Amino acid sequence: MDKETRTESRDKKRTVVIGISGASGIIYGIRTVKALKELGYKTEVILSKEAKKVAKIECDIDLDSFFKAQDSIIYDEDQIEAPPSSSSHIVETRGMVIVPCSIKTLAEIANGIASNLLSRTALNFLRVRKRLILVIRETPLGTIELQNALKVSKAGGIIMPASPAFYHSPQGVDDLINFVVGKILDLLKISNSLYKHWHTVTANHIPCDQTS
Ligand SMILES: Cc1cc2nc3c(=O)[nH]c(=O)nc-3n(C[C@H](O)[C@H](O)[C@H](O)COP(=O)(O)O)c2cc1C
């Protein structure tokens, strides 16, 4: 392998594909990309049409401008001809995270429906047995959603509900977000100090008997 090919392969291993779909919790996707950039990782971001709408409603943010500022490579869901559509493009990457992952996108992946670049790329990751993490926010989950989640899990994907813990004494919303983002990075085998891991937690109880 020549030097140029080696460098390209090393770069790809420091690339994470991020899918953002139109579920609540767009902030998790935003913070994941920010954390990866801070840790020296590149991101290729695939945005669904609905994600852009939900981002406006939830965060009053334009996702294209935001991710451009993070130096991400950005694709829209209808760019089906874009590089992540090809399994050879993704094979060297670190993995793919869809965060947040809507129930619609979960259903498409579970049933092999590659209707846009987001579900097509996720199916590619499963086909080549690369790490795929779906961060679903929906609650409660009905039988259909649970069956779809099981299908993806059986196919090798990881279903990660966006459910922050409380054992690490969170001091506010930021701590709860960082817990979820830290868990995503753990699953990508990227060491991080975004939350206090279980073995480092010391007793510092949150006031469970107070309402504010
Ligand atoms: C403000 C808002 C919040 C939403 N939250 C969720 C959610 O948490 N989970 C979900 O599955 N769908 C949610 N939806 C509905 C999805 O946007 C909708 O099902 C959409 O078709 C998903 O498309 P996508 O997966 O291509 O992004 C929400 C929609 C809006 C407008």
**Request:** For the range 100-212, would you read off the P(r) tail past 25 Å as a percentage of all alpha carbon pairs?
**Result:** 34 percent
**Equivalent ellipsoid, the range 14-62 (semi-axes from 5 times Cα gyration tensor eigenvalues, Å)** = 20, 11, 7
**For the range 13-164: relative contact order, % (alpha-carbon pairs under 8 angstrom, 6 or more apart)** = 25 percent
**Message:** Straight-line reach from Lys34: which lysines fall under 22 Å, measuring Cα to Cα and dropping same-chain residues less than 8 apart?
**Reply:** Lys12, Lys13, Lys42, Lys49, Lys52, Lys53, Lys56, Lys68, Lys183, Lys189, Lys196
**Request:** Can you tell me the order of 31-38, 186-193, 69-76 when each peptide is scored by its average per-residue count of other Cβ atoms within 10 angstrom, highest first?
**Result:** 31-38, 69-76, 186-193
**Message:** Please check: in the Gaussian network model of the chain (C-alpha springs, under 10 Å), which one of Glu81, Glu138, Glu44 has the largest mean-square fluctuation.
**Reply:** Glu81
**Request:** Diagonalise the Cα gyration tensor of the chain and give the resulting equivalent ellipsoid semi-axes, square root of 5 times each eigenvalue, largest first, whole Å.
**Result:** 28, 21, 17
**Request:** Put one equal scatterer on each alpha carbon of the range 36-161, apply the Debye formula with no solvent term, and list log10 I(q)/I(0) at q = 0.10 1/Å to two decimals.
**Result:** -0.30
**Item:** Residues Cys101, Cys59, Cys208 arranged by fewest to most Cβ contacts within 10 Å
**Value:** Cys208, Cys59, Cys101
**Fill in**
Between the Cα axis of helix 117-127 and the main Cα principal axis of the chain, the angle (0 to 90°, nearest 10) is 90 degrees
**Message:** Within a 10 angstrom radius of the beta carbon, how do Val54, Val91, Val17 rank from fewest other beta carbons to most?
**Reply:** Val91, Val54, Val17
**Message:** For His168, His89, which order do you get if you count the other beta carbons within 10 Å of each Cβ and list the fewest first?
**Reply:** His89, His168
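Here, each number is a calculation from the coordinates, and none is a lab measurement. Since the structure is predicted, the reported quantities are computational estimates derived from the model, not experimental observations. Ideal geometry is used to build each Cβ from the backbone, glycine not excepted, and the neighbour counts take in all protein chains shown.
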